[in-house]
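The values are calculated or read from the model by the stated rules, or taken from the named source; none is laboratory data. Please read these numbers as outputs of a predicted model, since none were measured by experiment. Note that each Cβ is placed from the backbone with ideal geometry, even for glycine, and that neighbours are counted across all protein chains shown.
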Amino acid sequence: MKCQICKGNEANIIFTQIVNNEKIVMQICSECAKKKGLILEFQKEPFSPVESLVGSLTVDPGTKDSESIPDLKCTVCGLTFAEFKKSGLFGCDKCHEAFGNHITKLLKQIHGLNKHEGKIPLDISGEVDVYKEIKKLRSKLDRYVKREEYEKAAEIRDRINTMERESKR
């Protein structure tokens, strides 16, 4: 998209401002952002929060400081890890596979976890609760079988079977 101010350069900044409870969004280029004072003098390019977070991943704590993340590249879209660091955006649905463990580290850094445990829609929350309970019971069943406590294992097995039958109704 072209810059909404100069209409010549490619827009690479989305500027959002709220004035009198009204949201104004403009897509502008770096040049116009500099002229408007949106980019500080010491910044070479617009600030990228993702780049600052990913930047800390360039040195693995278990390696020497001079060793950095290898230059990874998605085989589908060709996006490099360095390009991802700058934009914070994947090029395709396979980039997460190409960047693998480095993305996992990034998610842990940002969120503290690397898996999503968000809210569950009300219309399926009951099903999810049953699924979680069955999962817990299966791990309990495995423990009882390993300890050769077959009577307890049989009780758990029966509870699982009952819950599965009831959930299919």
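Table for the structure above
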item	result
Within the range 9-45, tally of residues that are among the acidic types (Asp, Glu), modelled with pLDDT under 80 and under 18 Å from Ser87 (Cα atoms)	1
Residue selected from the range 138-157 under the condition of a type outside the set (Gly, Ala, Ser) and touching a helix residue (DSSP H, G or I) at 6+ places or on another chain (Cβ under 7 Å), by the criterion surrounded by the most Cβ atoms within 10 Å (Cβ to Cβ)	Ile156
The range 62-106, residues that are at pLDDT below 80 and charged (D, E, K, R)	Lys64, Asp65, Glu67, Asp71, Lys85, Lys86, Lys105
Boolean, Lys135 is more than 14 Å from the chain's Cα centre (by Cα), at pLDDT 85 or above and surrounded by 15 or more Cβ atoms within 10 Å (Cβ to Cβ)	no
